[in-house]
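Written out below as structure tokens is the structure these notes cover.
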Amino acid sequence: MKKVLLILGIILVILGIGFVGYGFYKKLTTDIPNPVATMEIENYGTVKIELYPDKAKNTVANFICLANRGFYNGLTFHRTIPDFMIQGGDPNGNGSGSPKLSNIKDDVKEDKDYCIEGEFIANGHNENNLKHKKGVISMARSDYSAYSSSLTTKGYDSAGSQFFIMTKDNTSLDGL
């Protein structure tokens, strides 16, 4: 009888360790939710924006860094096109501005404008398959499409701080 109780006790201990181990495993392998940016927009209210680092890691990191450092505080939506999008994030307020290196890091020796690489299908980032549907946020870039192909590629990598939020679905922007 002692042997049976000992064996049952050992089995219970092993099962207990297994359950605890499984709980830790579940906790460690659970997906981390996408970050959500919250904007307080004067005369409108609160807008929550879900960001997708698995689709555009550097773009999301840049946006979060600028937001956390207060870059977007007090900026306006300088461009609104009904049934298309609203655009903001320009420090000049007219669509011509870019962030400076000092907006994202301290102790900058030579402060200058910067841009980030465009993380979308047309620029070789095939994991970014997000569709431009109502409510989606996307980075705004300079338009070099009327120029040579080398400038078009440069245009792909011309985003910095400006973004737009779709107010209606527009599939013509998908992949760009």
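The values are calculated or read from the model by the stated rules, or taken from the named source; none is laboratory data. All figures in this text were calculated on a predicted structure; none of them were measured in a lab. Here the Cβ positions follow ideal geometry from the backbone for every residue, glycine too, while neighbour counts run over all protein chains shown. SASA here: full protein model, heavy atoms, side chains in, ligands and nucleic acids out. Shrake-Rupley method; radii C 1.70, N 1.55, O 1.52, S 1.80 Å.
Inspect all residues belonging to the stretch 128-142 and state whether any of them is modelled with pLDDT under 90, open to solvent by 30 Å² or more (accessible area, probe 1.4 Å) and either more than 28 Å from ILE32 (Cα to Cα) or part of a loop (DSSP other than H, G, I, E, B) (or both). Walk me through it before giving the result.
Going residue by residue through the stretch 128-142, those that are modelled with pLDDT under 90 are 141-142.
Pick out the ones that are also open to solvent by 30 Å² or more (accessible area, probe 1.4 Å) and you get 141-142.
From the residues that got through so far, the ones that are either more than 28 Å from ILE32 (Cα to Cα) or part of a loop (DSSP other than H, G, I, E, B) (or both) too are 141-142.
Yes, that holds for at least one residue.
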Sole exception among (1) among the charged types (D, E, K, R); (2) touching a Leu at 6+ places or on another chain (Cβ under 9 Å); (3) open to solvent by less than 40 Å² (accessible area, probe 1.4 Å) for GLU119, by number
(2)
Residues of the stretch 86-106 being open to solvent by 40 Å² or more (accessible area, probe 1.4 Å), farther than 21 Å from GLU40 by Cα and part of a helix (DSSP H, G or I), which ones?
SER102
Residue list for the stretch 150-172, restricted to those being modelled with pLDDT of 90 or more and surrounded by 14 or more Cβ atoms within 10 Å (Cβ to Cβ):
ALA159, GLY160, SER161, GLN162, PHE163, PHE164, ILE165, MET166, THR167, ASP169, ASN170
